[in-house]
Amino acid sequence: MYQILIADDHPLFRTALRGALAELKEPCNISECETFDQVQENLRSSDTDLLLLDLKMPGNNGLMGLMRIRSEHPQLAVAVVSASEDQSVIGSIRSMGALGFIPKASSPVEIRAAVEHIFSGGISFPEFSHTKSDLAEKLRQLTPQQLRVLQFIAEGALNKQIAYALNIKETTVKSHISDIFRKLNINNRTQAALIVQELAIPD
């Protein structure tokens, strides 16, 4: 039985997704989360086969959340479910290794078709979303810990604060920052923060 996790902060949409998935050809067990922290906790404690992820749920921070999940759970199948249909965003989502993009305006039949296609080993994206994102390619070089450090930098945290939050030495934080700057080809924390801002999803 497939284990599906719906991650969205809108109860009505979670209910709609659950209803669409109830008629899948394959039996599945469906769980729900409404914050990014809950998603991470669920993924650590259960064997999820497919995550249906809303990019704008609390704590997700746009594409940064997707990047962290892909880095920490590389074998997990992820499909993004979003109201945004911006072509560059969808291209980035695909470059980051997600297996599908499902617009929130999709009908139940379209949602089921997308999920069943993913379960059969395929990918499900709009035809126009083939453009690769250079930023996504660079970010894929970062380790899970470096992605966390990058997010803290964007939030304005000092090295000492990052070290405390991640329970690591301050020298380790400095080493991570040097690696981040090198991999992203940037020189300072302001540029790092701007990169994270680029991962935000437009309204």
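Quick notes on this one:
- Filter result for residue 19 (part of a helix (DSSP H, G or I) and in contact (Cβ under 8 Å) with a residue 24 or more places away in the chain): yes
- Whichever residue in the stretch 66-88 is open to solvent by less than 50 Å² (accessible area, probe 1.4 Å) and assigned to a loop (DSSP other than H, G, I, E, B) and, among such residues, is modelled with the lowest pLDDT: 84
- Pair list, Cβ under 7 Å, 6 or more apart: the stretch 45-68 residue at negative phi, other residue at pLDDT 85 or above and acidic (Asp, Glu): 54/8; 54/9; 57/8; 57/9; 57/34; 58/9
- Contact map, the stretch 138-149: residues that are among the basic types (Lys, Arg) paired with residues that are assigned to a helix (DSSP H, G or I), Cβ distance under 7 Å, separation 6+ or inter-chain. Pairs shown: 138/183; 138/184; 148/166.
- Number of positions in the stretch 89-112 that are assigned to a helix (DSSP H, G or I) and of a type in the set (Lys, Arg): 2
The values are calculated or read from the model by the stated rules, or taken from the named source; none is laboratory data. None of these values were measured; they are calculated from a predicted model. Note that each Cβ is placed from the backbone with ideal geometry, even for glycine, and that neighbours are counted across all protein chains shown. Quick note on the areas: whole protein, heavy atoms, side chains included, nothing else; ligands and nucleic acids left out. Shrake-Rupley method; radii C 1.70, N 1.55, O 1.52, S 1.80 Å.
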